[in-house]
Each structure stands twice: as structure tokens, then as C-alpha cells.
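Remarks on the structure that follows.
The values are calculated or read from the model by the stated rules, or taken from the named source; none is laboratory data. A quick note: this is a predicted structure, and the numbers were derived from the prediction, not measured. So basically every Cβ, Gly included, is an ideal-geometry build from the backbone, and we count neighbours across all protein chains shown. SASA here: full protein model, heavy atoms, side chains in, ligands and nucleic acids out. Shrake-Rupley method; radii C 1.70, N 1.55, O 1.52, S 1.80 Å.
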Amino acid sequence: MEQLIISGRRRLQGSIAVSGAKNAALAVIPAALCAGAPCVIDNLPVIDDVFNYVDILRRLGAGCDFLDRNTLRIDPSSAAPIPADFDSARKIRASYYVLGALLGRFGEAAVTLPGGCNFGSRPIDLHIKGFEALGAEVRIEHGIVYARADRLVGAHVYLNASVGATINVMLAAINAEGVTVIENAAREPHVVDVANFLNFIGADIKGAGTDTIRISGKEPLRGGDYTIIPDMIETGTYMIAGAVTGGDVTVSNIIPKHMESLTSKLKEMDCGIEEGEDAIRVMARGQLSPASIKTQVYPGFPTDLQPQMTALLATINGASSMTETVFDNRFQYIGELERLGAKITLEGRTALIDGGVALTGAEVTATDLRGGIALIIAGLSAYGETRLNNVHYVDRGYEDFEDKLRYLGADITRRETAVFEIPAGIL
Ligand code: EPZ
């Protein structure tokens, strides 16, 4: 089993470049199954979730080869709608995009119910509602979702801002007859990125990034080369890591507009911010101020930065609060934060944070991807050594994060631990 060892209280400074967006990559890769010819997707992050998707596409019969560590060539011509009941599909949430892509292309698809981080219930009812609106029959048997349609016909769909359902319906609708209108669509940058890729290979999608998206079904699509957008959540994670150490960190190769909700909140917290064309500098001079934050769908404060920001607030003097409005239960990591000394009380969807306690290093266990990186952020601030278990969660979503943090001055190493370590002196 692997464990991360972090020695805290080192001020981070310097500049790092952000990788491609995980949640764009995990949608554009399956979207390439809709293409009419090979596609080359560039700026993919080197993360386990991408490797899982490569395995899924290969098992579906598509050609899927790395041209370099961040570039994939996908040849969809030999793909077939066999049931994607693979381990790699069960591991990730985004495997559900296979449904929209193959239903649109072949009129049938089947994929295991998705996995992914456990935040309480994560249904796919909105995805199914969208497919049924287009004329598909959907059933779930033995943990597999089956969808089929003799023909898909454009329809009006309301998706209450679900990212996954918006993308999945888009993937099916590009091959439907006529026009599909998605009302209350998700507006996240990765939704726009998928729409841009699909338009680039010949689809006709208008309004991505707004709450109303119009998709006109088109004839067969072509292939093309595409570069994924930078990861706004990775960007925010390193901005917060800089702030928690009282550091001076510049995150480059980014789209500052994607970061506005975090940037404005950090300014409110008296953090110095300098914005460039494709970079943001975070300077945490002196004591930061507490804050009350509520997660919202884009362009509000992202739920995927909720754990990281909670870790920062735990180190700031004063009463702060974090309210999670997107997921039922995205506070599992708080018990582990409390092992480091954080003083947090949960009241329904709100974490009340009695900040400013000096955190002290301890052994902690990641509960999910963003909870894991939040514990690393807390460890960067803690006195002494923090040991993080379940590092595999973090490997799912952050390319080379140890190297990037070490480059900024963190003392972080990874070691193998025996499954059960015999306490010293017992033998
Ligand atoms: C995507 O998950 C992201 N995952 C999540 O990122 C992100 O937190 C989430 O969007 C919100 O931004 C990927 O893109 C792979 P939703 P998704 O559908 O699509 C409910 C990370 O850390 N809902 O927008 O599952 C749902 O339960 C991960 O990178 C339904 O009720 O999110 C949740 O409460 C974590 N029925 C809310 O909507 C449905 O059919 C938002 O979910 C679908 C969703």
C-alpha cells in the first residue's frame, strides 16, 4: 500500500503549469466514439481515470494509442456497442458517457452503473430521462444500464444543471433527427469543451456555456485533432495550497475567467491576487480572514474545491462556514481533518469551522479524490509529519502532484507500506 509523507510548515513559492482538465478529458475521450474518423486528443492529464477510459475504449474495440504521455489517437471505426461491463468502467463515474456516445452512433449501448467518488446517492435518472425524451428505451438489469432506440428524434429536455446528464444527452442528440433543446443545462467549462470538440468534428451545437443548448442532428461526423482546456479544479487546488502555507504561488497555463468565484473569495479573505493573461499569482501575506462559502453550479463556487477550501478555512482565525448545495454528503473527509486538529461541526449541509487552530501532523486516510487532496493541503500547513493513506484516490485526478508541490517547496514523499505494519519493538 502506498502512503504520502508530508512535513508541514514549508512556505510554497514559485510557478507551476496546470495540466489538462480531468472532467473535460473524461468526456472528450468517449465523445471521440461519435467521430466518423480518427481523432487526436492533446493536453490529456496523466491520471488514472484517463487510463481507465483508454481501457474502456479498447475493450469496446476502438483503436486507442498514446502518441505521447498527454496525447491520444482514437480510431472509433472498429468500436462496437458491446456491454461495457468492465472493471475500468465500474471504477469511474464518467463511464456513463459511453451510453450517450454509442446510443447516438449505433442506436444501442450498455454500460455498468458508474462508480466514482462516494458522496451519498449519485443517481443517473436525469441521463435516463434525457435518453427517453429522445425516443430511447432504457432499462437497468444486473447492474447494467441498457439503452436502445430504433430512431432518435430531437426533443426538449430539462436537466437541472447536471453536468453529466447535459454532456450525455448532447452525445446522443448529435445523431438524433431534428433539433434537441436542453433547458437548464450545466454551464461548466468542460461542458463547453465537449461541445467545442463535437462542433469541431462536424456537429451543430449552439449555446454551450449557457443554460440553454440547441443541438441539431447531423450526418456522419468527421475526425479531427483537439486540445483539452486546462483544469480549473487543479488550478484552484494549487492556489489554495499557496494560500494555506502563507506562500507566493503562480499557477500558469490557465484560463483566469474559469477561476473568478475562487479568486474573488480569496481576495475577500485578504489574499493578494495578481491576474495575468493565462496565469494567476496568489500571495498570502499575513493573516487571512475567515469566510462563509456556499458551493453552487458554475459559475458559482465549485463543489470540487469545497474540501480544499474547507481545509484552508480550518487554519484561519475566526468562524467560517462551508455549505455544500450540490451533493448530499460531501463532508466525509472532515473526520480525517479533525485528526489533524481541525475544529469543525457539521449541521446538515453546512460545516461550521472554528478556524485558527494550529494543525498537527497525523496519519489520515483519503475518502475520495478531492477529500484526499484537501488532507494534503492541511498537511502542508500542519506542524510535524502527516501520513496519507489511500493515495490512489488522489492519483485519479492530479497529474504529477507530488512533483509540482515539491517544485514549489513542499516536503512530500511517497513510500510503500506493508499492508499491516508490525509496531516497532513488538518482536
Ligand atoms: C461531474 O459529476 C463531475 N465528474 C464531478 O467531479 C463534479 O463534482 C460534478 O460534475 C458537479 O460539478 C465528472 O465530470 C466525471 P452532476 P456528475 O450530474 O456529472 C444530481 C471530481 O471531483 N444528479 O452535475 O455526477 C447529483 O446526485 C468529480 O472531479 C441527479 O440527481 O455531477 C448531484 O447531487 C466529483 N440525477 C447533482 O445532481 C442525475 O441523473 C450534480 O450532479 C445526475 C445528477
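A compact table of results
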quantity	calculated
Residue match in the range 205-213 (condition: of a type in the set (A, V, I, L, M, F, W, C), part of a loop (DSSP other than H, G, I, E, B) and open to solvent by 10 Å² or more (accessible area, probe 1.4 Å))	no
Residue in the range 179-200 that is under 15 Å from A136 (Cα atoms) and within 15 Å of the ligand (Cβ to nearest atom) present	no
Strands (runs of 3 or more DSSP E) within the range 291-354 that include 1 or more residues within 16 Å of the ligand (Cβ to nearest atom)	292-294, 318-323
Residue check, P256 surrounded by fewer than 21 Cβ atoms within 10 Å (Cβ to Cβ), over 18 Å from A374 (Cα atoms) and touching a residue at least 60 places away in the same chain (Cβ under 8 Å)	no
Only one of A418, A424, A374 that is at pLDDT 95 or above and either surrounded by fewer than 18 Cβ atoms within 10 Å (Cβ to Cβ) or of a type outside the set (D, E) (or both)	A374
Checklist (1) surrounded by fewer than 18 Cβ atoms within 10 Å (Cβ to Cβ); (2) closer than 26 Å to D304 by Cα; (3) β-branched (V, I, T) applied to I124, failing item	(1)
Whichever residue in the range 76-90 is free of Cβ contacts under 8 Å to residues at least 40 places away in the same chain and crowded, with 18+ Cβ neighbours inside 10 Å and, among such residues, is nearest to D395 (Cα to Cα)	S88
Elements of type helices (runs of 4 or more DSSP H) in the range 363-407, at least 1 residues being closer than 22 Å to T250 by Cβ	369-381, 401-407
Meets criteria (touching a His at 6+ places or on another chain (Cβ under 7 Å) and within 23 Å of G202 (Cα to Cα)) for A21	yes
Candidates V145, V111 - the one that is within 13 Å of the ligand (Cβ to nearest atom), open to solvent by less than 10 Å² (accessible area, probe 1.4 Å) and under 18 Å from D85 (Cβ atoms)	V145
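So that you can scan it fast, the table gives a plain yes or no per residue for (1) polar (S, T, N, Q); (2) open to solvent by less than 60 Å² (accessible area, probe 1.4 Å); (3) farther than 18 Å from L312 by Cα:
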{"position": "A342", "(1), (2), (3)": "no, yes, no"}
{"position": "L346", "(1), (2), (3)": "no, no, no"}
{"position": "G356", "(1), (2), (3)": "no, yes, no"}
{"position": "T360", "(1), (2), (3)": "yes, no, no"}
{"position": "S381", "(1), (2), (3)": "yes, yes, no"}
{"position": "D395", "(1), (2), (3)": "no, yes, yes"}
{"position": "D400", "(1), (2), (3)": "no, yes, yes"}
